[in-house]
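Since the structure comes first, as structure tokens, the remarks are kept for the end.
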Amino acid sequence: MNEVIDILKKVGAILSEGHFVGTSGLHFDTYVNKDFLYPHTKETSSICRLLAEKYKYENIEVVVGPALGGIILSQWVASHLSEIYDKEVLGIYTEKSQDGGQMFTRGYGEYLKGNKRVLVVEDIITTGGSILKTIQAVKEIGGNIVGACALVNKNKDLDKNMFGVPFDSLINLYVDTYNAGVCPLCVKGIPINTNVGHGKKYLEALKQL
């Protein structure tokens, strides 16, 4: 969807021809920096409106996203769906658990009980780990997941069946990813970006080896 790409480029959220490290530890040359989008409320609202429009016929009751980025998404998408439906749609989020999963805290899981119709939202899909853990957390509570949607899917090899629910994204921006040991960007000596992503943490961890 060109409109999404245009908005992301406008706010400087698409960085290319670099060397980045994601939360998964994978290396890649193109980074979609959601943190450059979220300060711009008009642009964030516009993108979330597009996401809400995809599900306007699904009678969504609760929108769930993983912290941190998913907090903003769940609120905006729920707000737009509330306007579309002319009734309240709730926006809640999961947080990381000690075992590396996602869980509901603050009593938010109570809002899912009663077989509520749920939309799970995520910003960027690289491996799909965060959204999968969020889906699992919703299922454990008993929510009825109508769909899961990301702003950007970067994984061309993503098996959409892995989520066990209907999955979609606003745009596909496929990016090759590499394990650190076989990263051609490392071989070429391209410096790792330490300003965005997890490059700084990755380099600090290397120093401790």
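Tabulated data for the structure shown
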{"read-out": "Links that overshoot a 27 Å alpha carbon limit, given the list LYS87/LYS154; LYS160/LYS200; LYS56/LYS154; LYS113/LYS201; LYS42/LYS160", "value": "LYS87/LYS154; LYS160/LYS200; LYS113/LYS201; LYS42/LYS160"}
{"read-out": "Net charge of neighbours whose Cβ lies under 10 Å from the Cβ of LEU173, counting Lys and Arg as +1 and Asp and Glu as -1", "value": "+2"}
{"read-out": "Residues THR30, THR134, THR44 arranged by fewest to most Cβ contacts within 10 Å", "value": "THR30, THR44, THR134"}
{"read-out": "Additional length obtainable on full extension of the chain from LYS207 to ARG49, 0.36 nm per residue less Cα span", "value": "52.5 nm"}
{"read-out": "Degrees, to the nearest 10: 69-85 long Cα axis against longest axis of the chain", "value": "30"}
{"read-out": "Proxy reagent accessibility, fewest Cβ within 10 Å first, across SER97, SER79, SER74", "value": "SER97, SER79, SER74"}
{"read-out": "Point-to-point label distance, LYS113-LYS96, nm (Cα→Cβ direction, 7 Å offset)", "value": "2.9"}
{"read-out": "The chain, dipole about Cα centre (Lys/Arg Cβ +1, Asp/Glu Cβ -1), debye to the nearest 20", "value": "260"}
{"read-out": "The chain: angle of helix 129-141 to the longest principal axis, Cα-based, in degrees nearest 10", "value": "30"}
{"read-out": "Cα long-axis angle, helix 41-54 against the chain (0 to 90 degrees, to the nearest 10)", "value": "60"}
{"read-out": "Straight-distance crosslink candidates among lysines, where the alpha carbon sits under 25 Å from LYS156 and sequence neighbours closer than 8 are dropped", "value": "LYS9, LYS10, LYS34, LYS54, LYS133, LYS188"}
{"read-out": "Where trypsin sites (Lys or Arg not before Pro) fall in DSSP loop in the stretch 1-72, at most 14 other Cβ within 10 Å", "value": "LYS56"}
{"read-out": "Trypsin sites (Lys or Arg not before Pro) lying in DSSP loop within the stretch 69-170, provided at most 10 other Cβ fall within 10 Å", "value": "LYS87, ARG106, LYS113"}
{"read-out": "Distance (nanometres) between label positions extended 7 Å along Cα→Cβ at ASP6 and ASP159", "value": "3.8"}
{"read-out": "10 Å binning of all Cα-Cα separations within the stretch 2-201, expressed as whole percents from 0 upward", "value": "9, 35, 36, 16, 4, 0"}
{"read-out": "Cα gyration tensor shape for the stretch 10-125, rounded if a/c is under 1.5, else prolate or oblate", "value": "oblate"}
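Values in this text are rule-based calculations from the coordinates and carry no lab data. Here the structure is a predicted model, which means the values were calculated and not measured. All Cβ positions, glycine included, derive from the backbone under ideal geometry; neighbour counts span all protein chains shown.
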